[in-house]
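Engineer: The structure's right below; bear with me while I get my questions together.
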Amino acid sequence: MTIRLFNTLSKTIEDFQSVSGGSTVKVYTCGPTVYNYIHIGNIRSFLFSDLLQRVLRIVGKYDVQWVMNITDIDDKTIRDSAIGSKEWLNDMGIQSDNPNHNLRLFTEYFAQKFIEDIHSVGIQTAHFHTMPRATDYIEPMQQLIRNIIDNGYGYVSEGNVYFALGDWMAKEHYGKLFTVDTEHFKAGVRIDADEYDRESVSDFVLWKARKNNEPYWDFPYNGYNLPGRPGWHIECSAMGQDILGLPLDIHTGGVDLRFPHHEDEIAQSKAGYGLDTANYWCHNEFLEVEGKKMSKSLGNFYTLRDITDKGYDPLDIRFLMLSGHYSSVINFTFSGLDAVQKARKRVQDFVYALFDTRINGDASATVFHDVATALADNLHTPKALEILFSFINNTNPATLTAESKLALIEEFRTINDIFGVWNIEAKPQEHIIIPDDIIALAERRLQAKKDKNFAEADSLRAAIAEKGYTLKDTKEGYTLELNER
Ligand code: AMP
Ligand code: ZN
């Protein structure tokens, strides 16, 4: 099935075609900055990329190579990994006077917490080609920076390296994903921060000179050493090229990454490698709280632990995110979470009913094709779920043939390979205690059978059924089950 995607580059929904023309698709996702627990707004972004790769694989039949980087070097990871910045860091062994070592210990701790969190919302490690740490790619970053300088679009100033944006804009359009205020651009003004607003468009930093007691790497350039550390944007350019090769098929991230992160990534990769970054750029909208982006800086955030501590299942969060279209804002409320929890259970109960083949009819039904068609249309999960719920509301499992139930179970299994929030199995039997009088009846029936007193055996079975239990004969004797009410 053809997959259609909204491409932030063209601002239109396009039919997806792979760069190679074949079945391999390279997807690169901007991953977390690992300086603390992620919040459920971040999770929305990773679940969007997970949805994309699942739809590409399952509906589009592509072989997806999915890379999500882990940002383990930036102002925040440096700040919080420094000795004395937080008392509990001592428990993690962060006591050495080697800041590079401390940074690694600190970021690996939160990288593992991140991986635990995404696992619990159903993102599987097996689906990643790799999850590279930025600090393992310092050399490719340095090589890219050398290329940019050598090609005339980078320069050194006081040990830092900057991207010469004015020179670049004389050649190439800047603002391909996001409208940028280039008329405010001031030649020669430099910005050292990784994040800035669109009024502050200026020469941005590629490499930051070493500061006392901070992590650093040597950077040999033209016989000089420029000890320091990379800026944020350069890491994705270098890792995308080093691991997957540019141009990527699809680059993903939240809408806030369009500028400056992704704009700068496009400029750097073109200036240094002469290559486009990606054919398709796909961005997810925000998870908001009362009209504001959920974010650490506003303090209006929930971590996954905050949610599970209130008794919710992490898969309720997964289903909440998939219930909205990725390009629409979702407003987070607990009543919204309660509603999706109920909706999830409704589908689960239907699946359990499909496994019950005690009562069958002569009808058949199918739903997968319509659900897949909605998902292929720019990952329209709300439309897909509307189709699924309308199907469930109009289908009584007891009226279906046993074969149709089996076929539907397989359809639900494939749908769940995308949604990932249901158990496609028979309802687990709750552990029930069979009362003594029922067991006594069953024992008397067993004896009657042995005595070939079949009339007595049949009437005892009927007595057991009347009390709400089903007796089944087995080689060893019998089993007893409580009937569903
Ligand atoms: P960060 O660790 O801040 O770089 O964020 C990781 C990812 O989460 C990025 O793709 C962000 O765009 C995304 N993100 C951050 N806050 C939200 C939010 N409230 N809703 C959706 N995505 C978000
Ligand atoms: Zn990135």
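The values are calculated or read from the model by the stated rules, or taken from the named source; none is laboratory data. Keep in mind it's a predicted model, so treat the numbers as computed, not measured. Positions of Cβ are backbone-derived with ideal geometry, glycine not excepted, and every protein chain shown enters the neighbour counts. Heavy atoms of the whole protein, side chains included, go into the accessibility calculation; ligands, DNA and RNA do not. Shrake-Rupley method; radii C 1.70, N 1.55, O 1.52, S 1.80 Å.
Engineer: Out of the residues in the range 120-136 that are in a helix (DSSP H, G or I) and touching a Pro at 6+ places or on another chain (Cβ under 9 Å), state the one that is nearest to I243 (Cα to Cα).
Structural biologist: In this case the residue turns out to be A134.
Engineer: Looking at G324, G291, G299, G336, can you tell me which residue is within 14 Å of ligand 1 (Cβ to nearest atom) and farther than 30 Å from S10 by Cβ?
Structural biologist: On inspection, the qualifying residue turns out to be G299.
Engineer: Could you please give the count of residues in the range 123-150 that are among the polar types (S, T, N, Q) and touching a helix residue (DSSP H, G or I) at 6+ places or on another chain (Cβ under 6 Å)?
Structural biologist: Number of matching residues: 1.
Engineer: Do we find a residue being of a type in the set (S, T, Y), buried (at least 20 other Cβ atoms within 10 Å of the Cβ) and within 16 Å of ligand 1 (Cβ to nearest atom) anywhere in the range 245-256?
Structural biologist: yes
Engineer: Also: Out of all the residues in the range 448-458, is one or more under 23 Å from T357 (Cβ atoms) and open to solvent by 70 Å² or more (accessible area, probe 1.4 Å)?
Structural biologist: Checking the range 448-458: not a single residue is under 23 Å from T357 (Cβ atoms) and open to solvent by 70 Å² or more (accessible area, probe 1.4 Å).
Engineer: Given the conditions (1) at pLDDT below 95; (2) surrounded by 15 or more Cβ atoms within 10 Å (Cβ to Cβ); (3) among the hydrophobic types (A, V, I, L, M, F, W, C), and given that M92 satisfies all but one, which numbered condition is not satisfied?
Structural biologist: (2) is the only condition that M92 fails.
Engineer: Let me ask you something else. In the range 209-244, which residue that is away from ligand 1 (no atom under 16 Å from the Cβ) and in contact with a Lys or Arg (Cβ under 7 Å, 6 or more places away or on another chain) is nearest to R146 (Cα to Cα)?
Structural biologist: Here the residue is Y221.
Engineer: Can you name the number of the only condition in (1) of a type outside the set (D, E, K, R); (2) surrounded by fewer than 17 Cβ atoms within 10 Å (Cβ to Cβ); (3) out of contact with any His (no Cβ under 9 Å at 6 or more places or on another chain) that S200 fails?
Structural biologist: (3)
Engineer: Next question. Among the numbered criteria (1) within 16 Å of ligand 1 (Cβ to nearest atom); (2) within 29 Å of A209 (Cα to Cα); (3) open to solvent by 10 Å² or more (accessible area, probe 1.4 Å), which single criterion is violated by K113?
Structural biologist: (2)
Engineer: Related question: Any idea how many residues of the range 423-453 are assigned to a helix (DSSP H, G or I) and not aliphatic (A, V, I, L, M)?
Structural biologist: Adding up the residues that qualify gives 8.
Engineer: Next question. Might you check whether a residue that is farther than 25 Å from I3 by Cα, surrounded by 14 or more Cβ atoms within 10 Å (Cβ to Cβ) and at pLDDT below 95 occurs anywhere in the range 386-395?
Structural biologist: no
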